[in-house]
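The values are calculated or read from the model by the stated rules, or taken from the named source; none is laboratory data. Model, not experiment: these values are computed from the prediction. Cβ coordinates were reconstructed from backbone atoms using ideal geometry, including for glycine residues, and neighbour counts include every protein chain displayed. Keep in mind that these areas ignore ligands, DNA and RNA; they rest on the heavy atoms of the full protein, side chains included. Shrake-Rupley method; radii C 1.70, N 1.55, O 1.52, S 1.80 Å.
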Amino acid sequence: AIQSEFQDAKGPSIICGSPFKGIALPSIDMDFRALGRHAAGAIIAKGHSHIGFISGKEPFPGDAKLLEGFREGISGSSRNVNLRVIRYSSPRHSYTSFFKRIATDRDSTTALFIDCPYQLLNLHGQAAKIGLEIPDDLSIVCLQGTDFLNYISPYPSRYEFNTKEMARKVHQEIESTVRGDSRRKHRVLVLPEFYEGQTLKSINADS
């Protein structure tokens, strides 16, 4: 609704994030599709062939591209990879039954990609309650880092923005808009840097 309001006002505007369908405003956004491809490749390269993709039940525009890129990364692999998509519906979404199946070998998932650092904290807490060890029992990669992840052990594998580079791109787009350059539908995509951390573990390719 906010994006539509700015678009209807026809004034100079830039979206820092993903435009919704039907929005033609210029934007500076994460390259979710490329990130998804890279994340799938990084996990598969560690020998994982049963992977879970965790994201919100009502995804934002960039989330759909993230999953699309993740599927592309899997389809581009020479290995036979099984993907399980899991949607969380609240900040305290329960993964208890899922974790119990992994702990009792009734679920073969060995790695998870998750779209939210706060949901990652939820995962850690629930896994610890049933004695599931990360990454020995389950590897995890997070879409993005945030300050509190520095206090989680083992140190999470995640993607990080170069904030200075992002600020520079925002400034360039603002200057261009002020000059009156035509920016309609112009999109700048930024790819964060991957930090392997300690939660993505190599496993036997035959497991």
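Please list Tyr195, Tyr88, Tyr118 in order of solvent-accessible area, largest first, computed with a 1.4 Å probe with all protein chains present.
Tyr118, Tyr195, Tyr88
Can you compute the helix-only [θ] at 222 nm over the chain? Use -39500 (n - 2.57) per DSSP H run of at least 4 residues, normalise by all residues, nearest 500 deg cm²/dmol.
Dividing the helical sum by the residues of the chain leaves -11500 deg cm²/dmol.
Could you tell me the relative contact order of the chain? Use alpha-carbon pairs under 8 Å, at least six residues apart, and round to a whole percent.
Relative CO of the chain lands at 26 percent.
Using R₀ = 35 Å, calculate the FRET efficiency as 1/(1 + (r/R₀)^6) where r is the Cβ-Cβ separation of Leu189 and Glu133; round to 0.05.
0.45
Compute the accessible area per residue over the range 107-207, keeping the other protein chains in place, probe 1.4 Å, unit Å².
On a per-residue basis, 56 Å².
Give me the angle, in degrees from 0 to 90, between the Cα long axis of helix 117-129 and the longest principal axis of the Cα atoms of the chain, rounded to the nearest 10.
Helix 117-129 sits at roughly 10 degrees to that axis.
All other residues with a Cβ under 13 Å from the Cβ of Asn122 taken together, and with Lys, Arg as +1 and Asp, Glu as -1, what is their net charge? Write out the running numbers ahead of the final one.
On the way: positive: Arg92, Lys129; negative: Asp115.
It works out to a net charge of +1.
Can you compute the modelled spin-label distance between Lys21 and Ala1, with each label point 7 Å from Cα toward Cβ, in nm?
2.0
In the chain, which longest range has no trypsin sites (Lys or Arg not before Pro) that are both DSSP loop (not H, G, I, E or B) and surrounded by at most 14 other Cβ atoms within 10 Å?
Numbers: sites that count: Lys10, Lys21, Lys57, Arg79, Arg92, Arg106, Arg184, Lys185.
That would be 107-183.
Over the range 121-207, what is the relative contact order in percent, taking alpha-carbon pairs closer than 8 angstrom and at least six residues apart? Write down the numbers at each step before the final one.
Working: 74 pairs, mean separation 33.2, N = 87.
Once normalised by length, the contact order is 38 percent.
Treating only the Cβ atoms of Lys and Arg (+1) and Asp and Glu (-1) as charged, compute the dipole magnitude of the chain about its Cα centre; round to the nearest 20 debye.
440
On the protein heavy atoms, probe 1.4 angstrom, tell me the percent of accessible surface of the chain carried by carbon and sulfur.
Ligands and nucleic acids excluded, carbon and sulfur reach 50 percent.
Please compute the contact order of the range 1-83 in relative form: average sequence separation of alpha-carbon pairs under 8 Å and at least six residues apart, divided by the residue count, as a percent.
It rounds to 31 percent for the range 1-83.
Which one is right for this structure if volume of the Cα convex hull per residue in Å³ is calculated from it: (1) 140; (2) 123; (3) 190?
The listed entry that was calculated here is (2).
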